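What follows is calculated from the coordinates using simple rules that are stated; it is not laboratory data. Quick caveat, the model's predicted, so the values are computed rather than measured. Reconstructed Cβ throughout: ideal geometry from the backbone, glycine too, with neighbour counts over all protein chains shown.
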Amino acid sequence: MATETGTAYVTTPIYYVNDKPHLGHVYTTMVADVVSRYHRLRVDDTFFLTGVDEHAAKVSDKAAEHGMSAQEWADNNAKAFREVFKRLEMTNDDFVRTSSERHKAKVTEYVAALKKTGDVYEGEYEGWYDAGQEEYVPENKAKETDYKSPVNGKPLVKKKEKNYFFRLEKYRDELLAFYAARDEAGNSYVQPGARKNEIVNRIKEAQDVPISRTGSGGWGIPVPGDAEQTIYVWIDALFNYLTYVDDDKRRHYWESGATHFIAKDILWFHAAIWPALLMALGKCEGYGWVWKKSVQDNQLVYAHSYWVSDSGEKMSKSLGNFLDPAAIDNTVNEFGLDALRYFLATRGPLGTTDSAFSGELFAEVYNADLANTFGNSCSRVSNMIGKYFSGKMPDKGEYESLPTEFYTPINFHFCDLIETHTERLQEQYSTIMLNLDLLSAANLARSVVESVDAYIDERKPFTLAKEWDKNETEVGVILGTCAEALRIASVLLWPFIPDACETFWERIGCDYTQQMKDNKGLGKLDAWTEWGQLEAGTPIEKGDPLFPRYQTKD
Ligand code: MSP
């Protein structure tokens, strides 16, 4: 069965520019990048968006500390984010800056429309304010944490303001019905599903939320019709997911239903306030598209856990214990970008438990999963093809033609996995990927490589080659089969380790990189995972190891 093709919209949070990027930001963006690459590989018209959130008070405060204007400070740090993402070869299609004219103009339009329908109204607010997070904490939550920030432990401040409110309370029932409908369809809006109950309970008690503030010193987007008030940074920020695709060329991405990657710290905004804003905006004239059925059915929020330090503390800028751009750079220089990408995507806190970043584990995973598996297998097979077949792809023949004595348990498993089930393998891979289970997707791809190794160890082509006249055909079948299996594995591994896979493709004469370039960056997962595409006689280059083994230093 051919995989359905379509459109995909993948986003990350937009990061505060009060400071430089750190591992946490890189992580979410990397995960979103791997998923975007997967979509492109399977021919989906994909839009991947990341960027920065600038209108926060902590940005203007930090700028003032350094004697700079908020805009200058934001410009410098936005540049640092952009550079790190570029250095890490993120394939984002645009980069949000909330100080851009485009974003400001659209947010002004949205808020004006919401004022018109009355879903945004003027009022007065008093509550517990978490200055570090720039958010109000509800009374019951504040009490639970003894009126301290649940994130950084600093005391909450009682704050009273005249401002504009969003009628969140009015949307309680619609939100609950939306959650229920998605559950019924087996496609929870909040993922992993374990995070959902807490949100649903909180929605039941949700009250209207302030969406503006005073005294921002002009740093922010003015509330339309009231220049004294600035749109609260969180509302400004959430709208980025719309402002950057709100035009004729890009609107279809939004309509396909975004996959929003975030961490658990900002789930409430994405799980309750964001869909409620969309429901409200969708009722405004000209904005029906923002909450159309396809959005309601497909948009989702994936909230991963944290990278923590060895002592279990969340890595963050305010705590100052982050892996900064220089450390990230060193890792890339030592191990290569693919290694960082692979490690983050497969060993990060994607599920509901936090992960501690450890250099030791990094080296271990690098050796086990990359150097000793894919890297080694590619070298092994191409070296033998070089030695026994003068670097030309041998004729791998047909399984049917293999004498039955070849069917030992191991190679039977191998034939079964590769030949009969290549199609199923690809389907299984897609199901896992669409479930956003990156470790299992990578493991499935690696299982093909492991089968190749087991097959070689079992069949011992290097021993068979000693009686060349008798065994030439058999050695050819074995090595040809392995090369073909590695080609398929490399297609599945591409979203994780694109550089190594592209090098390997070049060595085995596959023009997939060029095909993607010619086809707006889109691949052909279905066609490329079909068995039997490496033709006999194709030159197979040996080349240097794709992942040289890492020797641990004492
Ligand atoms: N600006 C808001 C988001 C607005 S989105 C409409 C914000 N910015 S932030 O700079 O604080 O970034 C928070 C995000 O960075 C988290 O949701 C997560 O994606 C990432 N991470 C920051 N620290 C992290 C860890 N220690 N571990 C994992 N991810 C982390 O909140």
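Pairs from the table (K62/K159; K58/K264; K58/K158; K159/K292; K20/K154; K106/K292) lying more than 27 angstrom apart at Cα are K159/K292.
Per-residue 3J(HN,Hα) values for the stretch 376-383, derived from phi via the Karplus relation 6.51 cos²θ - 1.76 cosθ + 1.60 with θ = phi - 60°, read 5, 5, 4, 5, 4, 5, 6, 5 Hz in sequence order (x marks Gly and Pro).
Which distance in Å, rounded to a whole number, links the C-alpha centroids of the stretch 474-515 and the stretch 361-401? Centre-to-centre distance over Cα atoms comes out at 9 Å.
Ignoring aspartates and glutamates fewer than eight residues from K460 along the same chain, the ones with Cα atoms less than 18 angstrom from its Cα are D395, E405, E450, D469, E472, E474, E484.
Residues whose amide H lies under 5 Å from that of Y125, counting only those 5 or more places away or on a different chain, are E161, K162, N163; hydrogens are built 1.01 Å from N in the peptide plane. As a rough guide to protection, the peptides 375-385, 475-485 ranked by mean Cβ packing within 10 Å, highest first, stand as 475-485, 375-385.
Extension gain for the segment Q533 to E205, taken as residue separation times 0.36 nm less the Cα-Cα distance, is 112.2 nm to one decimal.
Taking Cα atoms only, the orientation of helix 468-493 departs from the longest principal axis of the chain by about 0 degrees. The C-alpha atoms of the chain define a longest principal axis, and helix 172-184 lies at about 10 degrees to it.
Backbone amide hydrogens, once placed in the peptide plane, bring A8 within less than 5 Å of D45, T46, F47, excluding anything fewer than 5 places away on its chain. Extending 7 Å from the Cα toward the beta-carbon at both N435 and A105 defines two label points whose distance is 4.5 nm.
The calculated P(r) of the stretch 17-88, using every Cα pair and 5 Å bins from 0, goes 3, 16, 22, 18, 15, 11, 7, 5, 2, 1 in percent.
Straight-line reach from K204: taking Cα to Cα under 17 Å and skipping same-chain neighbours fewer than 8 places apart, the lysines in range are K141, K170, K196. Amide H to amide H distances under 5 Å link E135 with D130, where only residues 5 or more positions off or on other chains count and H is placed in the peptide plane. Within the shell defined by Cβ-Cβ distances under 9 Å, the residues around L522 carry a net charge of +2, with Lys and Arg each +1 and Asp and Glu each -1. Taking Cα atoms only, the orientation of helix 325-335 departs from the longest principal axis of the chain by about 10 degrees. The charge dipole of the chain, taken about its Cα centre with unit charges on the Cβ of Lys, Arg, Asp and Glu (plus for the first two, minus for the last two), comes to roughly 1060 debye. Eigenvalues of the alpha-carbon gyration tensor of the stretch 142-247, scaled by 5 and square-rooted, set the equivalent ellipsoid semi-axes at 28, 21, 14 angstrom, largest first. The listed peptides 289-295, 90-96, ordered by packing as a protection proxy, come out as 90-96, 289-295 (highest mean of other Cβ atoms within 10 Å first). Straight-distance candidates among the aspartates and glutamates for linking to K143, with alpha-carbon spacing under 19 Å and chain neighbours fewer than 8 residues away dropped: E126, D130, E134, E135, E198, E205, D265.
What whole number of Å gives the distance from the Cα centroid of the stretch 179-201 to the Cα centroid of the stretch 56-70? A separation of 39 Å, based on Cα centres. 3J(HN,Hα) along the stretch 146-156: 6, 6, 10, 4, x, 8, 10, x, 6, x, 7 Hz, from the Karplus curve 6.51 cos²θ - 1.76 cosθ + 1.60 with θ = phi - 60°, whole Hz, x for Gly and Pro.
What ranking do 297-305, 138-146 get when scored by the average of other Cβ atoms within 10 Å per residue, highest first? List each step's numbers first, then the result.
Working: 297-305: 20.8, 138-146: 13.2.
Per-residue mean Cβ counts within 10 Å order the peptides as 297-305, 138-146.
Given an 8 Å cut-off on Cα distances and at least 6 residues of separation, report the relative contact order of the chain as a percent.
Taking the mean separation of contacting Cα pairs over the length of the chain, I get 16 percent.
Solvent-free Debye calculation, one equal scatterer per alpha-carbon of the chain: log10 I(q)/I(0) at 0.07, 0.11 Å⁻¹ equals -0.47, -0.99.
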